[in-house]
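The values are calculated or read from the model by the stated rules, or taken from the named source; none is laboratory data. Being a predicted model, the structure only gives us computed values, none of them experimental. Glycine gets a Cβ as well: all are built from the backbone with ideal geometry, and neighbour counts include every protein chain shown. Just the protein is used for accessible areas: all its heavy atoms, side chains included, with ligands, DNA and RNA removed. Shrake-Rupley method; radii C 1.70, N 1.55, O 1.52, S 1.80 Å.
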Amino acid sequence: MKIIRLVVLILFLSTQLLACSERDWDEGVEAYKRGDYVVALVKWRPLAEQGRNNAQYWLGQMYYKGHGVSQDDKEAANWYRKAAQQGYVPAQYNLGSLYHTGPGVAQDYKEAMKWFRKAAEQGSDKSKYRLDAMYAQGQGLTQDNNEAVNWCRKAAEKGHFGAQIKMGYI
């Protein structure tokens, strides 16, 4: 009987923690929308530290843009990486973009390609379009126009406007 009570208590406390977590997330979203970045940070940092991937991504955004914190590309990359490693597509794309251009991390086309590919495999049209450009320009790999067209076509089929225009010229 004591074990059943303990299990019920644990389940009850777990649901309460999840409810608090969702409330904190929602309050952070509302704060961010109205430009109250300090409140968003206070609400989201504990969630990010607990491993919540969308909170990690948004902390990355805050550091990248300097919203409520000092602008810090290295810290942005750190938070993007945490979310990206959990499969969060926007973080994978942003981390790929940082590796492609270099702020906050050493420029590394192969690492950019890795993160763009992960996001593209989950449906990111922006990542597919970036892969197109990297294959077309031979960034981090041997130039391959056939592969570039393949990725451009995939992006266009997902509705990426730039890819659709480019496909009109191919």
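Under a straight-distance cross-link criterion of Cα-Cα below 30 Å, which lysines are reachable from Lys74, leaving out those fewer than 8 residues away in the same chain? Lys74 reaches Lys33, Lys43, Lys65, Lys82, Lys110, Lys114, Lys118, Lys126, Lys128.
Between Ser21 and Gln137, what is the label-point separation in nm under the 7 Å Cα-to-beta-carbon projection? Taking the two extended label points, one gets 4.0 nm.
Over what distance in Å are the Cα centres of the range 30-91 and the range 140-170 separated? What the calculation gives is 31 Å, centre to centre. Translational D (Stokes-Einstein, µm²/s) of the chain at 10 °C and 1.306 mPa s when Rh comes from the Kirkwood sum over C-alpha pairs? Rounded, D is 89 µm²/s. For the chain, the longest principal axis of the C-alpha atoms and the axis of helix 2-33 are separated by about 50°. Taking only protein heavy atoms and a 1.4 Å probe, the accessible area of the chain is 54% carbon and sulfur.
For the range 49-170, the per residue solvent-accessible surface stands at 50 Å², with DNA, RNA and ligands left out and a 1.4 Å probe. In degrees, nearest 10, range 0 to 90: what is the angle between the Cα axis of helix 109-121 and the longest Cα principal axis of the chain? Value to nearest ten degrees: 70. Give me the angle, in degrees from 0 to 90, between the Cα long axis of helix 145-157 and the longest principal axis of the Cα atoms of the chain, rounded to the nearest 10. Roughly 50 degrees between the two axes. Residue-normalised convex hull volume from the C-alpha trace of the range 47-92: 56 Å³ per residue.
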